[in-house]
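> Below you will find the structure I want to go over with you.
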Amino acid sequence: MQRMYLSVFVFLLLGAVPVVLMVAVPQALSKASFTREANTDRSGNDMKVVTLAPDQDAAACEALCAATQGCVAYTYVKQSKTVPQPVCRIKDAKPFGHQSSCCTSGAAK
């Protein structure tokens, strides 16, 4: 079985020096199936917020959710002028989604 990995960058501030950790998360840890919702922001119920690499997309966020115990929904926030790197918001509940071009969300089926 071929395994694909998702790279996640975690920024820590140790003293005055920022430290970047790269974590490899197996992309197929769960058989969870998600409904992807383009241009949708599911605000609230964040159990974890992860800064992604600039080249990662909503599929990477979905894979991270599938690999996180208790995750039932996610919101991928696109890189923009106000968001320097994409962000994945892992959720432990399925909050109501509202239309927004900033994001792509998904919820477990």
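No lab work stands behind these numbers, since they all come straight from the coordinates. In this text the structure is predicted, and so the values were computed from the model without any measurement.
> Just the Cα atoms of the stretch 29-108, one point each, no solvent: what log10 I(q)/I(0) does Debye give at q = 0.11, 0.16 Å⁻¹?
-0.22, -0.48
> Taking LYS48 as the anchor, which lysines have their alpha carbon closer than 17 Å to its alpha carbon, excluding any fewer than eight residues away along the same chain?
Hits, sequence-local ones excluded: LYS78, LYS91, LYS94.
> What aspartates and glutamates does LYS81 reach when the alpha-carbon gap must be under 16 Å and sequence neighbours fewer than 8 apart in one chain are set aside?
Here the aspartates and glutamates satisfying the reach criterion relative to LYS81 are ASP55.
> Let me have the relative contact order for the stretch 29-108, percent, based on Cα pairs under 8 Å that are six or more residues apart. Write out the running numbers ahead of the final one.
Values: 183 pairs, mean separation 37.6, N = 80.
After rounding, I find 47 percent.
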